[in-house]
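Data first, discussion second: the structure below is written as structure tokens.
The values are calculated or read from the model by the stated rules, or taken from the named source; none is laboratory data. None of these values were measured; they are calculated from a predicted model. Glycine gets a Cβ as well: all are built from the backbone with ideal geometry, and neighbour counts include every protein chain shown. When the accessible area is computed, the model is the full protein with side chains, heavy atoms only, and any ligands, DNA or RNA have been set aside. Shrake-Rupley method; radii C 1.70, N 1.55, O 1.52, S 1.80 Å.
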Amino acid sequence: MSAKEMAVDAADPNGKWLYRVGGLAAFAFGIAYLAIIALYVPMGARPSGAEAWLAYIAANRTTWLAVIGLSVLTDFLLVPIALSLYVALKGVHKHVMLIAAAFFGLFVVLDLALTWTNYAVGMALSSGYAAATNEAQRAALVTAAVYPSSVVESKLLFVYNSLTLAVAILVTGLVMLRGGFNKLTAIIGVATGILGLLAVGGAFVSNAFSTVAIVLTSLLTTAWVLLVGYLLYRLGRR
């Protein structure tokens, strides 16, 4: 065992139960994330406009129920993952890991409060839209959907979510590099964070570049979390 690996192990020897919980949460997160990608891709990109958004959700209602449910689950799973990473790496750089944990927490709050709450409102309105029997009813529902659809389409919401998660993963990856957690996992974390930041910047320059960066970031995030899960669980069994 190297000196760096010992620094990680000694971060909190009484927290091994948390490492196991964090590892299992990371495995579940990775599997759920892969399922979300598999469900989302066939539906195609979200259309612009409140009425098109309602029709889009109504046409894919079952799939969107699954996507929303899995996405909310991954947000909650990030809590034990972030806590276990903090405990594992605070011996390397406590204050930097506090920053990473804060950004993970901020992402969870923003994603639950803004993204999936507004999608849940869209789900409810889309049911009424699909069942509406006249134009007046549909027009009222479309008007009600203007706010949640505008929030979901907002570039600012994309920046909030993407930036907070990218910074959290990037900072954690940098601490991993310094602390010897695992070099491959650390490099993937740093690459994921940088690509996430590029996706945020690309959103204001080129939609095509941003889309590609988002897809690659999602895949790298999944790989990183699964590797983190394996390493945390192994750390908890030492």
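Listing for the model above:
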{"item": "Residue check for Leu34: at pLDDT below 95, assigned to a helix (DSSP H, G or I), out of contact with any Phe, Trp or Tyr (no Cβ under 7 Å at 6 or more places or on another chain) and under 16 Å from Ser218 (Cβ atoms)", "result": "yes"}
{"item": "Any hit, region 53-63, residues being farther than 30 Å from Thr172 by Cβ, more than 16 Å from the chain's Cα centre (by Cα), aromatic (Phe, Trp, Tyr) and not in a loop (DSSP other than H, G, I, E, B)", "result": "yes"}
{"item": "Any hit, region 181-193, residues being open to solvent by 70 Å² or more (accessible area, probe 1.4 Å) and farther than 28 Å from Leu235 by Cα", "result": "no"}
{"item": "Residue that is farthest from the chain's Cα centre (by Cα), among those in region 21-32 that are open to solvent by 50 Å² or more (accessible area, probe 1.4 Å) and touching a residue at least 12 places away in the same chain (Cβ under 8 Å)", "result": "Val21"}
{"item": "Answer residue from region 7-20, given it is modelled with pLDDT of 85 or more and either open to solvent by 40 Å² or more (accessible area, probe 1.4 Å) or of a type in the set (D, E, K, R) (or both) and is nearest to the chain's Cα centre (by Cα) among those", "result": "Arg20"}
{"item": "First in region 56-83 and within 18 Å of Tyr19 (Cβ to Cβ), second anywhere and of a type in the set (S, T, N, Q), Cβ under 9 Å, 6 or more apart", "result": "Ala82/Thr172"}
{"item": "Those residues of region 178-209 which are in contact with an Asp or Glu (Cβ under 9 Å, 6 or more places away or on another chain) and assigned to a helix (DSSP H, G or I), in sequence order", "result": "Gly179"}
{"item": "Every residue from region 199-229 that is in contact with a Phe, Trp or Tyr (Cβ under 8 Å, 6 or more places away or on another chain) and either of a type outside the set (A, V, I, L, M) or at pLDDT 90 or above (or both)", "result": "Gly202, Ser218, Thr221, Thr222, Val225, Leu226, Gly229"}
{"item": "Long-range neighbours under 7 Å by Cβ, at least six apart or interchain, first residue without any contact (Cβ under 8 Å) to a residue 24 or more places away in the chain within region 205-234, second part of a helix (DSSP H, G or I) and among the small types (Gly, Ala, Ser)", "result": "Phe209/Gly202; Ser210/Ala199; Ser210/Gly202; Ala213/Ala199; Ala213/Gly202"}
{"item": "Conditions (1) surrounded by 18 or more Cβ atoms within 10 Å (Cβ to Cβ); (2) hydrophobic (A, V, I, L, M, F, W, C); (3) under 30 Å from Glu51 (Cβ atoms); (4) under 20 Å from the mean Cα position of the chain (by Cα): number failed by Leu141", "result": "(4)"}
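Per-residue answers, yes or no, for (1) aliphatic (A, V, I, L, M); (2) surrounded by fewer than 19 Cβ atoms within 10 Å (Cβ to Cβ); (3) assigned to a helix (DSSP H, G or I):
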residue: Ala45; (1), (2), (3): yes, yes, no
residue: Leu65; (1), (2), (3): yes, yes, yes
residue: Ala82; (1), (2), (3): yes, no, yes
residue: His95; (1), (2), (3): no, yes, yes
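Every residue, every condition in (1) closer than 24 Å to Ala35 by Cα; (2) among the hydroxyl-bearing types (Ser, Thr, Tyr), yes or no:
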position: Asn182; (1), (2): no, no
position: Ala191; (1), (2): yes, no
position: Ala203; (1), (2): no, no
position: Ser210; (1), (2): yes, yes
position: Ala223; (1), (2): yes, no
position: Leu227; (1), (2): yes, no
position: Gly236; (1), (2): no, no
